[in-house]
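The values are calculated or read from the model by the stated rules, or taken from the named source; none is laboratory data. As the structure is a computational prediction, the values presented were derived from the model and not from experiment. Cβ sites come from the backbone with ideal geometry, for glycine too, and all protein chains shown count toward neighbours. Accessible surface areas use protein heavy atoms only, side chains included; no ligands, DNA or RNA. Shrake-Rupley method; radii C 1.70, N 1.55, O 1.52, S 1.80 Å.
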Amino acid sequence: MGFLEKIKSGLSKTREQVFGQIQTVIFTAKKIDEELLEEIQDLLISGDVGVDTAEEIIDRLQKEARKKRYEDPQQLYELLKSIIGDMFAPDSHPFDFDTYRPYVILVVGVNGTGKTTSIAKMAALFRQQGKKVILAAADTFRAAAIEQLQIWAERAGADLVKHQSGSDPAAVVFDALRAARARNADVVLVDTAGRLHTKVNLMEELKKIKRVIQKEIPEAPHQTLLVLDATIGQNAITQAKQFVEAVGITGIVLTKLDGTAKGGAVIGISHKLQIPIKFVGLGEKMDDLQPFDPRLFVEGLFRN
């Protein structure tokens, strides 16, 4: 199943409850007027696109329609899709496995977002591309996280570097980087805690991990990916800002898109934070984490 088919399947709730309704409104309208534009905007907001982003989409839609002298509401359909596609932050920091080796990917996010399983799915994807992958179990504050990553590593065919539960996460990362060099690995994926059971501040702990990485490999981490749960919609923006300030984020992994009608949040999150979406999670299977394609994503939002 290709990306578009997976997207269409994963976005079925969002499409039927929100974007399919927008389509219906456009194709049944008699004229382009304020009432039609307001109805489209309300539906965008109901899909958790976000008020500011929805307003900007409608503003652009209105200006472009006037500029092109559109009179038939159906002419708005392709224009709307194009404008939504342009709302995503461009990916100015693509994966570059050829230049850097090992290529270090630091993965952050609060517990419950699907962070550990997303790491495993990324590992499986990179393994399919013929890369040797090492996972660093740096979420040492949850014994379950280490055990879970061990199982996933075996499934993905990746090596795992781990310490005992409760040990220093930065020490795990240090050992993983040394192991990557010794084993000639292509990629190191670093799992991190989503909250701590001690008085240690989470963001300070992440900064420490980043410092350890940079001491070993000055230009690393080459990517710092934030895993967000799509089902919390616009609340993800507030969550994301803390991580952006602490460690800097080069991309977002958005999980659980198949379980929500708030798929429009992808648009608002990327636009508001100006951070590209790298992967989207569309199910529980190992191949259900897909590299993100903005145009195909927009096609998946609407009924064809």
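General observations
- Subset tally (residues that are surrounded by 14 or more Cβ atoms within 10 Å (Cβ to Cβ), at pLDDT below 95 and under 19 Å from Gly20 (Cα atoms)) for the range 55-75: 2
- Residue satisfying all of: in the range 27-49; at pLDDT below 90 and open to solvent by 10 Å² or more (accessible area, probe 1.4 Å); nearest to Lys262 (Cα to Cα) among these: Asp48
- Scanning the range 254-269 for residues that are assigned to a loop (DSSP other than H, G, I, E, B) and under 16 Å from Leu44 (Cα atoms), we see that the one that is most open to solvent (accessible area, probe 1.4 Å) is Lys262.
Residues are listed down the side, and each one gets a yes or a no for (1) modelled with pLDDT of 95 or more; (2) open to solvent by less than 10 Å² (accessible area, probe 1.4 Å); (3) part of a loop (DSSP other than H, G, I, E, B); (4) within 23 Å of Gly248 (Cβ to Cβ):
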residue	(1), (2), (3), (4)
Thr117	no, no, no, no
Phe126	yes, yes, no, yes
Ile134	yes, yes, no, yes
Thr140	no, yes, yes, yes
Leu149	no, yes, no, no
Trp152	no, no, no, no
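- If you go through the range 76-90 and keep only what is assigned to a loop (DSSP other than H, G, I, E, B) and surrounded by fewer than 16 Cβ atoms within 10 Å (Cβ to Cβ), you end up with just Pro90.
- For Asp287, the criteria (1) surrounded by fewer than 19 Cβ atoms within 10 Å (Cβ to Cβ); (2) under 25 Å from Trp152 (Cβ atoms); (3) of a type in the set (D, E, K, R); (4) modelled with pLDDT of 90 or more hold in every case but one, which is (4).
Condition check ((1) open to solvent by 30 Å² or more (accessible area, probe 1.4 Å); (2) in a strand (DSSP E or B); (3) modelled with pLDDT of 95 or more) across all residues:
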residue	(1), (2), (3)
Ile22	no, no, no
Val25	no, no, no
His93	yes, no, no
Phe97	yes, no, no
Ile105	no, yes, yes
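- Restricting Lys241, Lys272, Lys207 to those that are at pLDDT 90 or above and open to solvent by 30 Å² or more (accessible area, probe 1.4 Å) reduces the list to Lys207.
- Among the strands (runs of 3 or more DSSP E) confined to the range 155-230, the ones with at least 1 residues that are touching a residue at least 40 places away in the same chain (Cβ under 8 Å) are located at 187-192, 223-229.
- Some residue of the range 135-145 being out of contact with any Leu (no Cβ under 9 Å at 6 or more places or on another chain) and of a type in the set (Ser, Thr, Tyr): yes
- Residue within the range 195-216 that is under 22 Å from Lys132 (Cα atoms) and within 17 Å of the chain's Cα centre (by Cα) present: no
- Check on Gly251, open to solvent by less than 20 Å² (accessible area, probe 1.4 Å), among the small types (Gly, Ala, Ser), touching a Ser or Thr at 6+ places or on another chain (Cβ under 9 Å) and within 21 Å of Asp91 (Cβ to Cβ): yes
- Close pairs from the range 46-62: first without any contact (Cβ under 8 Å) to a residue 12 or more places away in the chain, partner of a type outside the set (Phe, Trp, Tyr), Cβ under 7 Å, at least 6 apart: Val51/Ile45
- Among the conditions (1) in contact (Cβ under 8 Å) with a residue 24 or more places away in the chain; (2) of a type in the set (A, V, I, L, M, F, W, C); (3) exposed (fewer than 15 other Cβ atoms within 10 Å of the Cβ), Ala144 misses just one, which is (1).
- Restricted to the range 210-238, and to residues there that are out of contact with any strand residue (DSSP E or B) (no Cβ under 7 Å at 6 or more places or on another chain) and within 29 Å of Leu11 (Cβ to Cβ), the residue that is surrounded by the fewest Cβ atoms within 10 Å (Cβ to Cβ) is Thr238.
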